[in-house]
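Peer 1: Shown below is the structure under consideration.
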């Protein structure tokens with residue numbers, strides 16, 4: 001009696017089509033890489049720093065000239081010239097010796113820099129850092145013990161954006177229908 | 001930007017494990033800051049090195065801040081013993097590093113207590129250089145220890161808490177180089193248009209100099 005029930009169940013399991021076999025999945029895994037556009041899942045919205053990979057210049061690397069990066073960049077070696085990583089994060093490692101102008105969305109400094117630094121979003125100067133040059137940024141964090149000689153110019157793009165939004169909101173008061181449409185589009189309304 | 005530290009109280013120092021930081025009232029800084037109010041985009045020089053508190057306070061008021069560590073340059077040039085080692089060669093090395101800004105760059109300068117550790121003639125050269133980088137009418141805030149009995153005087157880093165309160169962070173106890181009374185300070189800034197004194201209860205003479 002017991003053996004008969006088992007025989008009845010076995011064919012039912014084989015008929016289930018929902019579970020793909022392991023061998024059918026394996027080729028897809030091999031073809032899929034981190035940067036492959038042929039991903040099957042729905043991609044989540046990515047921030048600029050996550051949209052690309054990240055590059056690194058090791059502590060035994062010396063570069064003279066211009067560096068343009070379209071991904072996050074870490075420098076731990078010697079650089080002389082200019083470094084630009086628009087929309088991305090630039091990290092100056094503890095062993096880095098940089099004589100260059102730096103431009104990036106966010107800059108983290110642990111090493112030594114001689115040159116002007118321009119970060120559209122934020123500059124983070126760690127306690128072991130040494131920076132001689134002028135800073136232009138929206139936000140700055142500087143740890144006690146960091147050496148800095150130069151000027152700091154805080155420019156606030158958010159304030160400018162808010163002012164523009166304020167102007168748009170004033171215009172919307174005169175036209176309620178337009179204000180409703182703006183609000184639905186995600187613009188904050190008061 | 002305000003930090004809730006009661007005046008005259010001791011708080012743990014961020015940079016020194018040995019001595020506590022001290023929050024104190026400063027009439028000199030209060031007057032210095034009063035001149036900044038109502039205007040934006042002024043250039044302020046902070047000679048106590050870069051600190052988050054000072055940068056935030058000045059930039060949130062709409063001004064531009066420049067940092068230079070005058071005491072750090074002194075330590076680098078003269079070592080720990082400021083007074084006895086300010087020889088010609090080391091003084092020249094110090095002047096190469098200190099206050100190397102273009103003329104008439106700043107509307108205000110926070111010197112704090114750095115000048116009192118410079119011996120003549122270096123202090124005169126440094127003051128001359130500071131006045132050169134100040135714009136006409138610019139204000140300088142400097143502190144001098146008024147207790148003439150002390151052979152060693154405390155050296156501090158100054159962090160702005162609010163417009164009336166400063167946080168003093170101990171940085172060492174160097175040898176006094178010379179005594180500064182009102183007369184010597186007036187002579188030191190004889191090329192300035194005005195010198196105003198604030199004598200405090202903790203033997204610190206606060207001086208506001210207008211170029």
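Peer 1: Only one of these conditions is not met by residue A:129: (1) farther than 18 Å from residue A:68 by Cα; (2) without any contact (Cβ under 8 Å) to a residue 24 or more places away in the chain; (3) within 14 Å of chain B (Cβ to nearest Cβ). Which number is it?
Peer 2: (2)
Peer 1: Can you run down the residue pairs with Cβ atoms below 8 Å, 6 or more apart or on separate chains, where the first is in the range B:52-69 and more than 7 Å from chain A (Cβ to nearest Cβ) and the partner is surrounded by fewer than 20 Cβ atoms within 10 Å (Cβ to Cβ) and part of a helix (DSSP H, G or I)?
Peer 2: Filtered contacts from the range B:52-69: B:61/B:36; B:63/B:36.
Peer 1: Residue B:45 passes all but one of (1) in contact with a strand residue (DSSP E or B) (Cβ under 6 Å, 6 or more places away or on another chain); (2) closer than 18 Å to residue B:169 by Cβ; (3) within 14 Å of chain A (Cβ to nearest Cβ); (4) surrounded by 22 or more Cβ atoms within 10 Å (Cβ to Cβ); which number fails?
Peer 2: Here residue B:45 clears every test but (2).
Peer 1: Confirm whether residue A:144 is within 14 Å of chain B (Cβ to nearest Cβ), touching a strand residue (DSSP E or B) at 6+ places or on another chain (Cβ under 6 Å) and at pLDDT 85 or above.
Peer 2: Spelling it out, it is not the case that residue A:144 is within 14 Å of chain B (Cβ to nearest Cβ), touching a strand residue (DSSP E or B) at 6+ places or on another chain (Cβ under 6 Å) and at pLDDT 85 or above.
Peer 1: Checking residue B:160 against (1) more than 20 Å from residue B:86 (Cβ to Cβ); (2) surrounded by fewer than 16 Cβ atoms within 10 Å (Cβ to Cβ), which single condition isn't satisfied?
Peer 2: (2)
Peer 1: Among strands (runs of 3 or more DSSP E) lying entirely in the range B:162-211, which contain 2 or more residues that are free of Cβ contacts under 8 Å to residues at least 60 places away in the same chain? Steps first, answer last, please.
Peer 2: Numbers: elements: B:165-172, B:194-199, B:204-210.
Ranges flagged: B:194-199.
Peer 1: Which numbered condition trips up residue A:153, out of (1) within 13 Å of chain B (Cβ to nearest Cβ); (2) at pLDDT 95 or above?
Peer 2: Here residue A:153 meets the rest and fails (2).
Peer 1: Tell me yes or no: at least one residue of the range B:49-72 is farther than 22 Å from residue B:29 by Cβ and over 18 Å from the mean Cα position of the chain (by Cα). First the steps, then the outcome.
Peer 2: Residues of the range B:49-72 farther than 22 Å from residue B:29 by Cβ: none.
Checked against the condition, which is being farther than 22 Å from residue B:29 by Cβ and over 18 Å from the mean Cα position of the chain (by Cα), the range B:49-72 yields no hits at all.
Peer 1: Still on this model: With respect to residue A:69, is the statement that it is free of Cβ contacts under 8 Å to residues at least 40 places away in the same chain and buried (at least 22 other Cβ atoms within 10 Å of the Cβ) true?
Peer 2: On the way: free of Cβ contacts under 8 Å to residues at least 40 places away in the same chain: yes; buried (at least 22 other Cβ atoms within 10 Å of the Cβ): no.
Criteria not met by residue A:69.
Peer 1: Same structure again: Select the strands (runs of 3 or more DSSP E) contained entirely in the range B:4-122, then report the ones holding at least 2 residues which are at pLDDT 80 or above and under 18 Å from residue A:153 (Cβ atoms). Can you show your working first?
Peer 2: Details: elements: B:21-25, B:43-46, B:64-67, B:106-112.
Output list reads B:43-46, B:64-67, B:106-112.
Peer 1: Let me ask something else about it. Taking the range B:103-124 as the search range and keeping residues that are farther than 27 Å from residue B:26 by Cα and in contact with a helix residue (DSSP H, G or I) (Cβ under 7 Å, 6 or more places away or on another chain), which one is surrounded by the most Cβ atoms within 10 Å (Cβ to Cβ)? It would help to see each step written out before you state the result.
Peer 2: Pass one, the range B:103-124, residues farther than 27 Å from residue B:26 by Cα: B:103, B:120-122.
Right, trim to in contact with a helix residue (DSSP H, G or I) (Cβ under 7 Å, 6 or more places away or on another chain) and you get B:103, B:122.
Values: B:103: 10, B:122: 24.
Here the answer is B:122.
Peer 1: Let me ask something else about it. Out of curiosity, is residue A:124 closer than 23 Å to residue B:47 by Cα and more than 13 Å from chain B (Cβ to nearest Cβ)?
Peer 2: The answer is no for residue A:124.
The values are calculated or read from the model by the stated rules, or taken from the named source; none is laboratory data. Computed from a prediction, not measured in an experiment: that's the story for all the values here. All Cβ positions, even for glycine, are placed from backbone atoms using ideal geometry, and neighbour counts span all protein chains on display.
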